[in-house]
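Let me begin by presenting the structure, written as structure tokens, before commenting on it.
The values are calculated or read from the model by the stated rules, or taken from the named source; none is laboratory data. Quantities reported herein were computed from a predicted structural model and do not represent experimental measurements. Here Cβ is always computed from backbone atoms with ideal geometry, including for glycine, and neighbour counts include all displayed protein chains. These accessible areas exclude ligands, DNA and RNA; they are computed on the full protein's heavy atoms, side chains included. Shrake-Rupley method; radii C 1.70, N 1.55, O 1.52, S 1.80 Å.
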Amino acid sequence: MISVILGLQFGDEGKGKITDFVSRDYDEVVRFNGGSNAGHTVVIKGEKFKFHLVPSGAMQSNKVILGNGMVIDPEELVSELDLLKKSKKDIEIKISAGAHIVTKMHKCLDKKEEEIRSKLNIGTTSQGIGPTYEDKYARTGIRFIDLSNPEIIEDKIETIYNMKKQLLKGSIFENPEERAKMVKDLCGFGNSIMQYMDYTENVINNDYRLGKNILFEGAQGGMLDIDFGIYPFVTSSNTLAGALSTGSGFSFRKVDRVIGVFKAYTSKVGSGPFPSEIIGDSTLRDLGSEYGTTTGRPRRVGWLDLPLLKYTIMMNDVDSLAITKVDILGKMKTIKIATNYTIDGKEIDYFPRRLEDFEKLHVDYVELPGWGDIENPDDIIANGYQALPQNMKKYIEFIEEKTGKTIDIISLGEDRRMTITKQ
Ligand code: 2SA
Ligand code: GDP
Ligand code: MG
């Protein structure tokens, strides 16, 4: 079985949790986009694990791969691998030779670019993601394989510095000694992680030929996709299913199943349009502890948005849905769901691309009753779907009817055990 798991909103849908849950059925888990802007949380028997670069399937699967579509901060990777090895000894780790490297200079550039953007400030995670992809596409980027060659790193650091000199004015990187130190540090990190480097496109395709089950794990969410998200309030990678091929070297033709993860409501970190946002009431944020896993920033919160969900379901060609945080949403007395968008009194059948359209957008909602606290979690775990509160089932079935997709996984708490499947 070859599957891909993706977020269908603005990230933080609970992909980490669902990836961990489903990864028991897979021999290896592959990440194909993004970097340490991702924050994926997995909770097992009360113990919390936060993944940024390592695939969130690492606790159940015995092999993890960081694909060429990723941008890797070596310092972050070293500390994440140290932590992982403490909780899991027998895990095979492979990192693509072609993944790109995030340096301290890229993080500095991320902040500088945000300052300059002013009005169209994105609210990035400051992890150097955008500038690293910029260098990748400018063909000046440092790749993982380059970490074994100090001369190449030095040359590329100088090229990047010279190209971005204007932006780096006043920063420590004007000092050649600082740049030399960065080269030395990168070589140091390179020494400790080069053992994991491989031509992972061959590894994945060979494992496929051997009949292994492979899970591809997307980071961020469909609405943050560089092409189809709400541009420019997006991340710098493609976050939709198609990216798995270019981000790992494995053909989309071999994918059997696309799993889409969405939260029972919506959250967003960073600026930009958010059609179903709840303004001036932080109840849902507080109930759901909606704060960034990487930056700790408060997340903006809103109701479930069906036009948005239908759009990302279409763009990913989702087969099966997983819903998370149903336990949190149920605590609201009345729950709203955005059902359609209108502009100038006319319902629209496309997802807007013009920022001005979002200003004119009118969102229609339906209201459904909440289901309160989950009082019988053990009964639900034992008896599955039939034991769910009636109002929760109504909510789930309403979404299924509107999207035409089945919700096969229902998450009722942060812990791995608080998950039921429909079959
Ligand atoms: P970037 O840093 O260049 O990728 O930021 C561009 C936009 O993408 C959004 N983005 C995210 N949104 C939600 N969650 C993300 N990961 C972390 C988490 C976020 C955190 O899991 O909580 O800790 O704050 C993530 N990564 C990128 C970002 O907010 C910008 O809107
Ligand atoms: P990801 O980026 O999509 O992996 O999501 P994050 O880990 O950034 O954010 C999701 C948060 O919700 C984490 O703190 C999870 O532990 C938590 N979570 C996931 N599923 C559930 C759920 O069903 N119920 C509750 N209460 N928390 C959940
Ligand atoms: Mg997250």
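Suppose we keep only residues that are under 18 Å from the mean Cα position of the chain (by Cα) and modelled with pLDDT under 95 within segment 270-288. Which one would you say is most open to solvent (accessible area, probe 1.4 Å)?
Selected residue: Ser271.
So how many residues does segment 19-38 have that are farther than 9 Å from Glu217 by Cβ, within 16 Å of ligand 1 (Cβ to nearest atom) and out of contact with any helix residue (DSSP H, G or I) (no Cβ under 8 Å at 6 or more places or on another chain)?
Going through segment 19-38 one residue at a time, the tally reaches 1.
Counting only residues that are part of a helix (DSSP H, G or I) and either more than 19 Å from Phe358 (Cβ to Cβ) or not charged (D, E, K, R) (or both), how many does segment 302-335 have?
Total satisfying the criteria: 14.
Checking the conditions here, which among Thr246, Thr266, Thr239, Thr295 is among the polar types (S, T, N, Q), over 19 Å from Arg117 (Cβ atoms) and surrounded by fewer than 21 Cβ atoms within 10 Å (Cβ to Cβ)?
Just one listed residue meets the conditions, Thr246.
If we only count helices (runs of 4 or more DSSP H) wholly inside segment 110-214, which ones have 1 or more residues that are within 30 Å of Leu355 (Cβ to Cβ)?
It comes to 129-138, 150-163.
May I ask you to list the residues in segment 114-170 that are over 24 Å from the mean Cα position of the chain (by Cα) and open to solvent by less than 20 Å² (accessible area, probe 1.4 Å)?
Once the filter is applied, which keeps residues that are over 24 Å from the mean Cα position of the chain (by Cα) and open to solvent by less than 20 Å² (accessible area, probe 1.4 Å), segment 114-170 yields Thr140, Asp146, Leu147, Ile153, Ile157, Ile160, Tyr161, Leu168.
Looking at (1) acidic (Asp, Glu); (2) farther than 18 Å from Tyr133 by Cβ; (3) surrounded by fewer than 21 Cβ atoms within 10 Å (Cβ to Cβ), which is the only condition Glu217 fails?
(3)
Kindly check whether there is at least one residue in segment 34-55 that is closer than 23 Å to Val326 by Cα, crowded, with 18+ Cβ neighbours inside 10 Å and polar (S, T, N, Q).
no
Right, Asp373: surrounded by fewer than 16 Cβ atoms within 10 Å (Cβ to Cβ) and more than 29 Å from Val234 (Cβ to Cβ) or not?
So Asp373 passes the test.
Given the structure, is Leu109 of a type in the set (A, V, I, L, M, F, W, C), open to solvent by less than 20 Å² (accessible area, probe 1.4 Å) and out of contact with any strand residue (DSSP E or B) (no Cβ under 6 Å at 6 or more places or on another chain)?
So Leu109 passes the test.
Could you list, in sequence order, all residues of segment 290-312 that are over 18 Å from the mean Cα position of the chain (by Cα) and among the polar types (S, T, N, Q)?
Within segment 290-312, none qualify.
Matching residues to (1) modelled with pLDDT under 95; (2) among the acidic types (Asp, Glu):
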| site | (1), (2) |
| --- | --- |
| Ile65 | no, no |
| Pro74 | no, no |
| Lys88 | yes, no |
| Asp110 | no, yes |
| Asp146 | no, yes |
| Glu154 | no, yes |
| Asn162 | no, no |
| Leu167 | no, no |
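Somewhere in segment 45-57, is a residue within 22 Å of Gly242 (Cβ to Cβ), of a type in the set (Ser, Thr, Tyr), touching a helix residue (DSSP H, G or I) at 6+ places or on another chain (Cβ under 7 Å) and away from ligand 2 (no atom under 16 Å from the Cβ)?
no
Can you tell me which residues in segment 401-423 are more than 16 Å from ligand 3 (Cβ to nearest atom), open to solvent by 30 Å² or more (accessible area, probe 1.4 Å) and on the phi < 0 side of the Ramachandran plot?
Answer for segment 401-423, where residues must be more than 16 Å from ligand 3 (Cβ to nearest atom), open to solvent by 30 Å² or more (accessible area, probe 1.4 Å) and on the phi < 0 side of the Ramachandran plot: Glu401, Lys402, Lys405, Thr406, Arg416, Arg417, Thr421, Lys422, Gln423.
Are there any pairs, at least 6 apart or on different chains, whose C-beta atoms fall under 8 Å, with the first in segment 1-28 and under 22 Å from Tyr265 (Cα atoms) and the second within 13 Å of ligand 1 (Cβ to nearest atom) and among the aromatic types (Phe, Trp, Tyr), and if so, which?
Phe10/Phe274; Gly16/Phe51
Counting only residues that are under 26 Å from Thr295 (Cβ atoms) and out of contact with any strand residue (DSSP E or B) (no Cβ under 9 Å at 6 or more places or on another chain), which one in segment 124-147 is farthest from ligand 3 (Cβ to nearest atom)?
Tyr137
Can we say Ser276 is away from ligand 2 (no atom under 11 Å from the Cβ) and in contact with a Ser or Thr (Cβ under 9 Å, 6 or more places away or on another chain)?
yes
Output the residue which, of all residues in segment 99-116 that are touching a residue at least 60 places away in the same chain (Cβ under 8 Å) and of a type outside the set (Ser, Thr, Tyr), is nearest to ligand 3 (Cβ to nearest atom).
Top of the filtered list is Val102.
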